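Right, one structure below, let's go through it.
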Amino acid sequence: MSNRTTLTEFLLLGFSDVRELQILHFVVFLVNYLTGLMGNLLIITAVALNHHLHTPMYFFLVNLSILDLGSISVTIPKYMANSLMNTRSISYPGCVTQLFLFFLFTAADLALLAIMAYDRHIAICQPLHYERVMNRRACVQMSASAWITGIVYSALHTGNTFRLPFCSNVINQFFCEIPQLLKLTCSDSYLSEVGLLAFSVFLSLNCFVFITVSYVQISKTVLRIPSEQGRGKAFSTCLPHLTVVSLFLCTGFFAYLKPTSSSASGLDLMLCVLYSLMPPVMNPIIYSMRNKETKAALKKLFVWRLFTIN
């Protein structure tokens, strides 16, 4: 295929050509997908039904769950369908849509994690100003800015990637990913997309520095709290978010900053699974296990549901 005008579909190589392994991968991805789906839906439902959780922190947590639901729903079901039906193809418009939506949810996710760090910083370091700074209007504006950031970044990357001519349609990945698509181009203009990716990494590092500085300030403030119970309560609201941030940024940075190879790599596939699948699946578990208020809300939700059924 000489250029994109004759390109109608891409081939996603995935993990294996062996039929038995394809079925096994389908089952593994199905279990992880259902876990992420149920976990994030439970978080959204618990926060929505418990008025005690109608606070800025849980408002942002609901947005995070929605983004996580979106990020796994645009990649995993397609791969599961291909594995089950023993196919590899994804249409050209489908690849464009998949890349746009995945990058939208991922970029918005990172922006929202930075906003959540700011929320915790204000709540712990400036508690007297919290209600004034983190009012309803400010929370909606911050959340909207995260979504808008994701849309703009995704549009830039998607448009800049698919304007390039492709010499091949074989993608060494289980979904449409920018680094793998850049390997298929037959034009030197791909350097512009590499530059845009480098700029994105720079902004991501800035978010990482902002989050790190916020938590350094939070740690200093928490350590000055005289009550051990007060320190424990403060840390209990911060540790889940810090764990989620670490999981998301470490896997994403390692996947995108690792030198690429021209051939298919098992490490590339595993890293892609780590940063695209694991954070959305683990986030609800982390918040449920590490946050007492979330655990109480989920327990109340299960008790209410059981009572209603009986």
Search result, residues across the range 9-33 that are free of Cβ contacts under 8 Å to residues at least 24 places away in the same chain and either exposed (fewer than 12 other Cβ atoms within 10 Å of the Cβ) or in contact with a Lys or Arg (Cβ under 7 Å, 6 or more places away or on another chain) (or both)
Asp17, Val18, Glu20, Val31
In this structure, does Thr149 turn out to be under 22 Å from the mean Cα position of the chain (by Cα), in contact (Cβ under 8 Å) with a residue 40 or more places away in the chain and either over 26 Å from Phe15 (Cβ atoms) or assigned to a helix (DSSP H, G or I) (or both)?
yes
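Are there helices (runs of 4 or more DSSP H) fully within the range 8-94 with at least 1 residues that are of a type outside the set (Asp, Glu) and closer than 28 Å to Ile122 by Cα? List them.
On the way: elements: 19-49, 56-73, 76-85.
Of the helices (runs of 4 or more DSSP H) lying wholly inside the range 8-94, those with at least 1 residues that are of a type outside the set (Asp, Glu) and closer than 28 Å to Ile122 by Cα span 19-49, 56-73.
Would you call Phe235 over 19 Å from Ser154 (Cα atoms), among the hydrophobic types (A, V, I, L, M, F, W, C) and modelled with pLDDT under 75? Explain how you work it out, then say what you get.
Working: over 19 Å from Ser154 (Cα atoms): yes; among the hydrophobic types (A, V, I, L, M, F, W, C): yes; modelled with pLDDT under 75: yes.
Yes, satisfied.
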Of Ala255, Ala297, Ala264, the only residue that is under 15 Å from the mean Cα position of the chain (by Cα) and modelled with pLDDT under 70 is Ala255
Spot the failing condition for Ala111; the list is (1) closer than 25 Å to Ile225 by Cβ; (2) among the small types (Gly, Ala, Ser); (3) under 14 Å from the mean Cα position of the chain (by Cα), and only one is missed.
(1)
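Condition check ((1) modelled with pLDDT of 90 or more; (2) among the hydrophobic types (A, V, I, L, M, F, W, C)) across all residues:
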position	(1), (2)
Phe15	no, yes
Arg19	no, no
Leu37	yes, yes
Thr45	no, no
His54	no, no
Met57	no, yes
Val62	yes, yes
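Within the range 69-85, is even one residue within 20 Å of the chain's Cα centre (by Cα) and more than 29 Å from Leu269 (Cβ to Cβ)?
To start, the set of residues in the range 69-85 that are within 20 Å of the chain's Cα centre (by Cα) comprises 69-80.
Imposing the further condition that a residue be more than 29 Å from Leu269 (Cβ to Cβ) reduces the set to none.
No, the range 69-85 contains no residue that is within 20 Å of the chain's Cα centre (by Cα) and more than 29 Å from Leu269 (Cβ to Cβ).
The values are calculated or read from the model by the stated rules, or taken from the named source; none is laboratory data. All figures in this text were calculated on a predicted structure; none of them were measured in a lab. Cβ atoms come from the backbone with ideal geometry, glycine included; neighbour counts cover every protein chain shown.
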